[in-house]
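A.B. asks: First the structure, which I've put down as structure tokens, then a few questions once you've had a look.
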Amino acid sequence: MQIHTVVAPVFATRCSVLVAPDGACVVVDAGAGAAGPVRLLVEQHGWRPQAVLATHGHADHVWDAAALCDAWGVPLVLHARDAYRLDDPFGTLGVLDPRDPAGPLTAALAAAGADVGSWTVPARVEPFGGDEPSGRTADVDLDLGGVRLRARHAPGHTEGSTLYLLDGVPAAAGAPVVLSGDVLFAGGVGRTDLPGGDAATMAQTLAQVVGALPPDAPVLPGHGPATDVRTELATNPWLPR
């Protein structure tokens, strides 16, 4: 399995293209402005798109999902507890609502040439999960046309925030690569003050979900540099010791 990264211009969201040995591929977190570079990358290599995944439903992680899903005829896959956000991804952003002319997202979208009024929901949306008991580390095995990964519910930043664990990446030396979205960053964690965020739930996620990850696992956050679980457990001030 290979991982290729495209950085979206709005909030520098990490968009990951996961490619199986047979050329099947899945895109994770299609941020605003990522669709063009991602389509070019896929076409240049002759890969076969199977799905677009979202680590959560915030606009900066799903903005270009429809552009890719509808062009390729593939679904957007995300946790069921964040599926409601697709109906109004801006209204669930609170202080980041791009309809606020003074908001930081407004300027970022304008700089990327994105039109706030152009949001569309992908034609196919396929939620998973949604029935996990509170506090349980629950995995859902996803097989998306040969791209296999584990979805691990990690709420707190949003209700449906999810870690995606990908096995079989040569550079990871046997540990799964963790696509952490906005749950875990290098030296930080996701904010909990936006609608649907919850500090107590995030604390539980950091202790029980992040804390249980293999120490050698590489981490690819939704924003910022890559890291690994061992480094974050040792140095990240937000993680329990």
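A.B. asks: What list of whole percents do you get for P(r) of the range 1-72, with Cα-Cα distances grouped in 5 Å bins up to the one holding the largest distance?
C.D. replies: Whole-percent P(r) values from 0 Å outward: 3, 20, 33, 26, 13, 4, 0.
A.B. asks: What list do you get for GLU159, GLU43 if you sort them by fewest beta carbons within 10 Å?
C.D. replies: With the sparsest Cβ surroundings first, the list reads GLU43, GLU159.
A.B. asks: What length, rounded to one decimal in nm, is gained on full extension from ALA203 through to ASP87, with 0.36 nm per residue of separation minus their alpha-carbon distance?
C.D. replies: Length difference between fully extended and current span is 39.0 nm.
A.B. asks: Stokes-Einstein at 20 °C, 1.002 mPa s, Kirkwood radius from Cα pairs: D for the range 161-241 in µm² s⁻¹?
C.D. replies: D = 169 µm²/s.
A.B. asks: Given the -39500 (n - 2.57) contribution per DSSP H run of 4+ residues, what per-residue ellipticity at 222 nm results for the chain, rounded to the nearest 500 deg cm²/dmol?
C.D. replies: -5500 deg cm²/dmol
A.B. asks: Going by C-beta contacts inside 10 Å, put TRP72, TRP47, TRP63 in order with the fewest on the left.
C.D. replies: With the sparsest Cβ surroundings first, the list reads TRP72, TRP47, TRP63.
A.B. asks: Quick one: Karplus J couplings for the range 184-196, per residue in order, coefficients 6.51, -1.76, 1.60, θ = phi - 60°, nearest Hz, x for Gly and Pro?
C.D. replies: 9, 10, 5, x, x, 9, x, 6, 10, 9, 8, x, x
A.B. asks: Then there is this: Starting with the fewest neighbours, write out THR55, THR227, THR162 ranked by other beta-carbon atoms found within 10 Å of each beta-carbon.
C.D. replies: THR227, THR162, THR55
A.B. asks: Using the basic label-point model (7 angstrom from Cα toward the beta carbon), what is the ASP143 to TRP238 distance in nanometres?
C.D. replies: It is 3.5 nm.
A.B. asks: What percent do you get for the relative contact order of the chain when only Cα pairs under 8 Å and 6+ apart count? Could you put the intermediate results ahead of the total?
C.D. replies: Numbers: 556 pairs, mean separation 39.5, N = 241.
This gives 16 percent for the chain.
A.B. asks: If you don't mind, another one. For the range 52-86 and the range 151-194, what is the centre-to-centre distance using only Cα atoms, to the nearest Å?
C.D. replies: Their Cα centres are 17 Å away from one another.
A.B. asks: Take every DSSP beta bridge whose two residues both sit in the range 2-235, then give the antiparallel share in percent to the nearest 5.
C.D. replies: 65
A.B. asks: At 0.36 nm per residue, and after removing the present C-alpha to C-alpha distance, how many nm does the segment from ALA123 to GLN2 gain when stretched out fully?
C.D. replies: Full-extension gain reported as 40.8 nm.
A.B. asks: If you split all Cα-Cα distances of the range 2-235 into 5 Å bins from zero, what percentages do you get per bin, shortest first?
C.D. replies: In whole percents, the pair-distance histogram is 1, 7, 15, 20, 21, 17, 11, 5, 1, 0.
Each value in this text was obtained by applying a stated rule to the coordinates, not by laboratory testing. The shown structure was predicted, so the numbers you read here are calculated from the model rather than taken from an experiment. Positions of Cβ are generated from backbone atoms using ideal geometry, with glycine treated the same way; all protein chains shown enter the neighbour counts.
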